[in-house]
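Notes for the one structure printed next.
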Ligand code: AMP
């Protein structure tokens, strides 16, 4: 069983933000901003590549509610899903990072020159 499935099953402790029948939101153990929450589906999908569209729609609605609960919906925030090796995904259970609480940087994404792709 993957680490996030263990969190859903309460085999590993986590700091809950919100929960419903299908989704779970909890604080990231290694926050990169004042607010850094992970949102996961209770059904295991390896990554964003695998979630059915209808489920993704419901997850979007849940994340909107999470942003309101966290009080960052008006100040602004960022939703990120790392996918696969190049995406930097470390945990193989679909998750969205909800990050905010301060002005976020827009970073240096790739160790390659974008001009090489055009
Ligand atoms: P990613 O690189 O997109 O796969 O992100 C995985 C995230 O999971 C990282 O930000 C980790 O800090 C976070 N993480 C890993 N284990 C735990 C845990 N037990 N509780 C909370 N967050 C975790």
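Quick note: the coordinates plus some simple rules give every number you see, no bench work behind them. All values derive from a computational prediction rather than experimental measurement. Quick reminder, even Gly has a Cβ in these numbers, built from the backbone with ideal geometry, and neighbours come from all protein chains shown.
Observations on the structure shown:
- Legend: calculated FRET efficiency, residue 2 to residue 54, from the Cβ-Cβ distance at R0 = 22 Å, rounded to 0.05, equals 0.45.
- In segment 23-82, the convex hull through the Cα atoms has an average projected area of 4.4 nm², a quarter of its surface area.
- Kirkwood hydrodynamic radius of segment 30-118, from inverse mean 1/r over distinct Cα pairs, in Å: 14.5
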